[in-house]
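Encoded as structure tokens, the structure appears first; notes follow it.
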Amino acid sequence: DIFAYDLSSGLLTNLSEANKGYDVNAKFSPDGKMLIWQSMERDGYEADKNDIKLMDWQSGKITNLTKNWDDSVSGDVFWSADGKTIYYTAAVKGTKQLFSLDPKTSKVKQITNGNFDVNEIFADNKNSLLVSRTDINHASELYTVNLKNGEMKQVTDANKDVYANL
């Protein structure tokens, strides 16, 4: 479950008590008005579809943003700096790709496509994200992802010497 703890009163509130499945990875929007988390609907079914739920912090209203999306969120979830987009990773044909989600319309868009896994999402600017990427032949390295066309550029090459000796 997702809990909120009020430091001044000591009050502990279960925000996702109505959901009996697994709730994890809560993150506030940059302005603090919205809270997202990953959520599974059913208790005891750990292979359940993992959705992104959004809570309006003031009203307490919870919306399942990926309810009508057929796939399952399977990795990191990240707010854009302006709070207008949620980025996340999900499995696609044996890989893990990067997606964007509009929290107002629930529109999902796949950003990357390739024989690699996008794992963590670290930072963003208006045009790109900084992510970690790995594939069957390479350990995790940092890449930038162009948000318009999905093009990736490698930023780090920490294992260059190791690969040269293989």
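If you go through the stretch 4-30 and keep only what is surrounded by 10 or more Cβ atoms within 10 Å (Cβ to Cβ) and either polar (S, T, N, Q) or farther than 14 Å from L54 by Cα (or both), you end up with A4, T13, N14, S16, E17, N19, K20, G21, Y22, N25, S29. Among the residues making up the stretch 51-67, a single one is among the polar types (S, T, N, Q), in contact with a strand residue (DSSP E or B) (Cβ under 8 Å, 6 or more places away or on another chain) and in a loop (DSSP other than H, G, I, E, B): T66. Evaluation of K61 against the conditions (1) under 21 Å from I121 (Cα atoms); (2) among the basic types (K, R); (3) open to solvent by 60 Å² or more (accessible area, probe 1.4 Å) shows that the sole unmet condition is (1).
Strands (runs of 3 or more DSSP E) fully within the stretch 97-147 that include at least 3 residues being more than 14 Å from the chain's Cα centre (by Cα) and crowded, with 18+ Cβ neighbours inside 10 Å: 138-146. The condition (being assigned to a loop (DSSP other than H, G, I, E, B), open to solvent by 70 Å² or more (accessible area, probe 1.4 Å), charged (D, E, K, R) and in contact (Cβ under 8 Å) with a residue 24 or more places away in the chain) is satisfied by just one residue among D48, D43, D82, D70: D82.
Among the residues of this structure, S132 counts as one that is within 15 Å of N113 (Cα to Cα) and among the small types (G, A, S). Look at the stretch 154-166: where a residue is without any contact (Cβ under 8 Å) to a residue 60 or more places away in the chain and under 15 Å from R133 (Cβ atoms) and a partner is open to solvent by less than 80 Å² (accessible area, probe 1.4 Å) and of a type in the set (F, W, Y), sitting 6+ places away or on another chain with Cβ atoms under 7 Å, you get Q154/Y143; V155/Y143.
The values are calculated or read from the model by the stated rules, or taken from the named source; none is laboratory data. This structure is a prediction, so every number in the text was calculated from the model and none was measured. No Cβ is skipped: glycine too gets one built from the backbone with ideal geometry, and neighbour counts run over all protein chains shown. Protein only, heavy atoms only, side chains kept; ligands, DNA and RNA dropped before computing areas. Shrake-Rupley method; radii C 1.70, N 1.55, O 1.52, S 1.80 Å.
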